[in-house]
Amino acid sequence: MNISLLVILPILTAVALLFCNGLKQVRTVSLIGATVQLALAFALLILYWNERAAGNTAQMLFESSYTWFAPLHINFHVGVDGISIAMIALTSFIVLAGVLMSWKEDRMPKEFFFLLILLSAGAYGFFISLDLFTMFFFLEVAVIPKFLLIGIWGSGKKEYSAMKLALMLMGGSALVFVGLLGLYFNTDIGGGVHSFDLLQISQMHIPVEVQKMFFPFAFAGFGIFGALFPFHTWVPDGHSSAPTAASMFLAGISMKLGGYGCLRVATYLMPDAAHAYSWIIVLLATIAIIYGAFATMMQTDLKYINAYSSVSHCGFVLLGIGMLTQTSITGAVMQMVSHGLMTALFFAAIGMIYSRTHTRMVAQLGGLLKMMPFISTVFVIAGLCSLGLPGFSGFVAEMTVFMGSWQNPDTMYRIATILACASIVVTAVYILRAVGQSVMGPVTDSHYLGLKDASWNEKFAAGLLIIGIVAIGIAPFWLNELITPATDTIMQHAVKLVTLK
Amino acid sequence: MTNYAYVSLIPLLPLACFVVLGLWGRKRFKTFSGIVGTGSLLASTILSFYTAYQYFFVDGKVNGVYQHIIAMKYTWLQFSPNVSIDMGIMLDPISVMMIVVVTFISLMVHVFSLGYMKGEERFATYYAFLSLFTFSMLGLVLSTNIFQIYMFWELVGVSSYLLIGYYFDKPSAVAASKKAFIVTRFADLGFLIGILILAFHAETLDISTLIERLTDHQSTQFVSITTGSLLGVSILTWGLTLVFIGGAGKSAMFPLHIWLPDAMEGPTPVSALIHAATMVVAGVYLVARLFPVYSIDGAALDIVTYVGAFSALLAAVIACTQTDIKRVLAYSTMSQIGYMMFSLGVSRYGGENGLGFMASMFHLFTHAFFKSLLFLGAGAVIHLVHSNDMKDMGGLRKFMPVTHISFLIACLAISGIPPFAGFFSKEEILTAAFDSNKLIYGVALFTSGLTAFYMFRLYFSIFWKKESHLHNAHGEGTSTMKIPLIILAVCAVIAGLLPFSNFITSDGAALETHINLVFSIAPVLLALGGILLAANLYKTENNKPEKVAAALGGFYKAAHSKFYVDEVYIFVTKKIVFNLIGRPAAWIDKNIVDGLMNLIASVTEKISELIKGLQSGKVQSYTLYFFAGIVGLAAVFIYLWK
């Protein structure tokens, strides 16, 4: 299978959208495109399993490479391992759910869906790239649509939020680019020729001082995408102003670009520096987890609650990476997948509530369970997943991070792990508070009594995401087996280099 | 050896029932849901009894000891080559006993609810949640892996959350459900960290292996966990104490008990389930499950002992002052669970020293019957008078004879009057306490007198006291409500006669116990004294109780206010956690962290404002800059080359 299809297909869909007229045509084309994406992701997953089962132990499968810009040795080099597959599957779920959630978007539907689909092309491209420049290119492709989606279709102080998000993410990109160039100019593939190729770079030993110089750029740059404290402030404003589908994409996909980049580029290619700076990563991640959780507790707007809780939950991703044990890194990847699905579900539920009650303020809501059992149940499920209930994906991911972190025997790291564990209590407080006030309790507004429960497209979108969450929650072994060989490679690589020094 | 694979059906049937009723109950099954739930649980119960029969009587003992049987085990999540979470089924005396208790009590609750919950709008949802609750508890007691326990532990927590908050439009129910979940979650944090510690040192999560390694003084794992210490306390003690904190949360031990009295906001049959068979006994079960490890660590056992004994006493004192009948029962549960806990605490592993362990499990067993009976009886009473307060009751014996007699039996059983079930198990506990710790024995003895007093205060206030003016003679409700009461009453009479020590002991070998008549004189007399005192104060309407309360003054007031533990919690959460941590965190984020980002943005903007004047597009000024530049550069070069 040529995995470039994953990029080509959304682009074709986007082009097709340009020739559509009216909401009905637009959404039908988008739905078909998104469904094919999902099918493609599943086909890829199955083919990948078959290859592995057949004994193919290559690090990357389905590799292909096309020369893009010969003088600088930039190639369109793509390939996938377990981590990328997990990310691709996540993206395809969220794209389909996002399209379904935007079913009634009648303001400039063509442009709206065009941008959504374009964003997905950027994400797929990013996850399959094995060339740093190509990767960077797709990272940028995924940023621009968000600016427009929030700025045009958003609500509240949307101009401010869109600008803030775009500037901070662009700042992140700039840092990433410095990091990538730093790597590039310190590679040599013979005859003084430099390389952007991820696999080639991983075979070289980048001098430790160079790593220490450029690791912070790459990690912080990607970290901004992944809500690294203190560069997380775009998250609450960006999410709260974005339309539902854009929030889902933003939290479900964009924030994962950051975590993936931190792992695949920064940590994998510069393991010495990752080792040297791991205490900073752990420190910032722990702050994000605890402080994000406490900040969430004080929020009054449902979207802000979920946005701050995303800061806290994405902290687990960075914590897992910073702990540098194989289990913790596996946990970090699981947390990315889990958080992506869960937070998309949360935003979908909030979107459904908001579109009916026209408020997102917790204090104004109440007793929704009576009129909207389906939507309320979805909301409760998303909440329970968020607070790490067994049977849902959040539990599996968090526990894997905790188990992995505890394997790092350093006392300070242990304390960080305990603090991170403590967040499960704070999470329970803010989730139950939100659930208790908005869907339970007496009905606060008589207008709510006439409200309708979810429509078929909303049910479909929520159901899709819940299936993903429960599939991981009940049977995590398949995801674990998918990811573990890849994280094993990363860890072995790190151990080899760190001990070589 | 029998193939025990079918045991997996015992938890899976309620799970299937939960899924089916959860997805289609409201639309398809409607009032039929109760039958579906009860039917599937009946099947589970029959299988449990069959399992117990097979395990105890067909397979029986090997070399005089009941075996640990791993009926099935699947790797669920592999963390590292030798550490994994497994899902499995372990049969040993306590897990077999527990599945019987859980399914049986749950079945009684299911049947009772058919009548009690009739006509509820969310009838199907109720049965779905009951099934989930039963499933979680069954999964918990059958666990082979300590992380499996933790998972089902959390599921037990959430099922109780859903059931306590069943009347979701009542703010008090929502608050109570939240409180139960958060308090137990806080305790679970201790459990989780305890697991991390134990698993790290034992290098396994498998319960049998973990026990084997941590009790073998030669193993490297044992050496590693006992040589390390933190703040002068060994790592093993830390691990076990943290695990016990988890257990104390679920079992409502002081100071984590505050959720239990509020948990009565749920439908009354749910309280029966929470208090008798699921949830609160989970903590006792957890300590019993890891008992071989606890037994080698005296410090951890002491903590279990003193926390248990103090909770038993404290709860009994509070129970004497409450007027809400469900609250009295809730505190009595806390007190009885305290008995089970300290009984484990005073026990040691193996042989005669293991009396406390056996007594604890025995009490868990008998308590399940009379406590569920008490709650279901209370449910029937509340169903009739539509109030929880004993002031609204009195003289009900004429209206509900079945409830009256069964409630009386349960009260006699919990007070430890022979030959009712509670007498036998309580005697064993007192003997075990007497043999090892006189202080604990004294507390236990005094508490048993208090127990008889507050239980009969409850009994007389409901069924005697004043003549009732109830005019609706529709009586006790449906037969589905009466039959469970009768069955449970029979159990509360005879359960104590089982030769329990033949089956369930710390090491699996039979234990010779006998009731020492001389020894039982003191507790029985005390209990009778308590009953007489209660009869004197509460059998007829009089002003003696008020006088006693007035005489006790401040102490009565403090006990009535539950010793202000709730107020302390509210102070800590509201004043400290919210105001001193949460609020500043949110403020800092908005103003300082984000302010910094905005500052960077505005500084950038200012700088660009400053330098944009340079890009004016005026050729004259460009020429000026150009010449200025040349002069400047020339000056530098000339200066440098000199």
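Read-outs: derived from the displayed coordinates by stated rules, not from any lab. This structure is a prediction, so every number in the text was calculated from the model and none was measured. Counting neighbours? That spans all protein chains shown, and the Cβs are built from the backbone with ideal geometry, glycine included.
Which trypsin sites (Lys or Arg not before Pro) from segment A:1-104 combine a DSSP loop assignment with at most 15 other Cβ atoms within 10 Å?
A:Lys104
Could you tell me the relative contact order of chain A? Use alpha-carbon pairs under 8 Å, at least six residues apart, and round to a whole percent.
Relative contact order of chain A: 15 percent.
Sort B:His257, B:His404, A:His447 so the one with the fewest other Cβ atoms within 10 Å of its own Cβ comes first.
A:His447, B:His404, B:His257
What aspartates and glutamates does B:Lys326 reach when the alpha-carbon gap must be under 17 Å and sequence neighbours fewer than 8 apart in one chain are set aside?
Within reach: B:Asp262, B:Glu265, B:Asp389, B:Asp392.
Go through A:357-364, A:474-481 and give me the packing order, highest mean Cβ count within 10 Å leading.
Top to bottom by mean Cβ count within 10 Å: A:474-481, A:357-364.
Suppose the chain between B:Glu512 and B:Phe563 were pulled fully straight at 0.36 nm per residue; how much longer would it get relative to their current alpha carbon spacing?
Going from the current span to full extension adds 14.2 nm.
Need the C-alpha centroid separation for segment B:243-287 versus segment B:370-395, integer Å.
Going from one Cα centre to the other spans 20 Å.
Just how large is the dipole of the protein assembly as shown about the Cα centre, in debye to the nearest 20, putting +1 at every Lys and Arg Cβ and -1 at every Asp and Glu Cβ?
Magnitude of the dipole: close to 2740 debye.
Which percentage, to the nearest 5, of the DSSP beta bridges contained in chain B is antiparallel? Please list the in-between numbers first.
On the way: 15 of 16 bridges.
Among the beta bridges of chain B, antiparallel pairing accounts for roughly 95 percent.
Across segment B:318-323, in residue order, what do the Karplus-derived ³J(HN,Hα) couplings come to in whole Hz, using 6.51 cos²θ - 1.76 cosθ + 1.60 with θ = phi - 60° and x for Gly and Pro?
4, 4, 5, 10, 7, 10
Less than 20 Å apart at the alpha-carbon level, and either on another chain or at least 8 residues along: which lysines does that give for B:Lys30?
B:Lys30 reaches A:Lys370, B:Lys118.
What angle, in degrees between 0 and 90 and rounded to the nearest 10, separates the Cα long axis of helix A:132-153 from the longest principal axis of the Cα atoms of chain A?
The two axes meet at around 20 degrees.
Using 23 Å as the Cα-Cα cut-off, could you pick out the over-long pairs in B:Lys179/B:Lys465; B:Lys178/B:Lys562; A:Lys146/A:Lys452?
Working: B:Lys179/B:Lys465 35 Å; B:Lys178/B:Lys562 20 Å; A:Lys146/A:Lys452 30 Å.
Beyond 23 Å: B:Lys179/B:Lys465; A:Lys146/A:Lys452.
Could you work out, residue by residue across A:412-419, how many beta carbons of other chains sit within 10 Å of that residue's beta carbon, and then give the average as an integer? Write down the numbers at each step before the final one.
Working: counts 0, 0, 5, 0, 0, 2, 4, 0.
Mean shielding count: 1.
Output the pairs from B:Lys27/B:Lys398; A:Lys303/A:Lys459; A:Lys459/B:Lys482 with a Cα-Cα distance over 32 Å in this structure; if there are none, say none.
Details: B:Lys27/B:Lys398 41 Å; A:Lys303/A:Lys459 20 Å; A:Lys459/B:Lys482 43 Å.
Result: B:Lys27/B:Lys398; A:Lys459/B:Lys482 exceed 32 Å.
Tally the DSSP beta bridges in the protein assembly as shown and give the antiparallel ones as a percent, rounded to 5.
Around 95 percent of the beta bridges assigned by DSSP in the protein assembly as shown are antiparallel ones.
In peptide B:152-159, what is the residue-averaged number of other protein chain Cβ atoms found within 10 Å of each Cβ?
3
If each DSSP helix of 4+ residues adds -39,500 (n - 2.57) and the sum is divided by the residues in the protein assembly as shown, what number results at 222 nm, nearest 500 deg cm²/dmol? Walk me through the intermediate numbers first.
On the way: 48 runs with 794 residues, N = 1143.
Helices in the protein assembly as shown give a 222 nm mean residue ellipticity of -23000 deg cm²/dmol.
Give me the angle, in degrees from 0 to 90, between the Cα long axis of helix A:411-438 and the longest principal axis of the Cα atoms of chain A, rounded to the nearest 10.
Value to nearest ten degrees: 20.
What does the average come to when, for each residue of peptide B:580-591, you count the partner chain Cβ atoms lying within 10 Å of its Cβ?
The shielding value for this peptide is 6.
How high is the relative contact order of chain B, given as a whole-number percent (alpha carbon pairs under 8 Å, six or more residues apart)?
It comes to 12 percent, rounded to a whole number.
Determine the distance separating the Cα centre of segment A:362-399 from the Cα centre of segment B:292-355; give it in Å without decimals.
35 Å
Tell me the Kirkwood radius of chain B: reciprocal of the mean inverse pair distance over distinct alpha-carbon atoms, in Å.
When all Cα pairs of chain B are included, the Kirkwood radius is 26.7 Å.
³J(HN,Hα) across segment A:274-280 via Karplus (A = 6.51, B = -1.76, C = 1.60, θ = phi - 60°), whole Hz, x for Gly/Pro?
4, 5, 5, 9, 4, 5, 5
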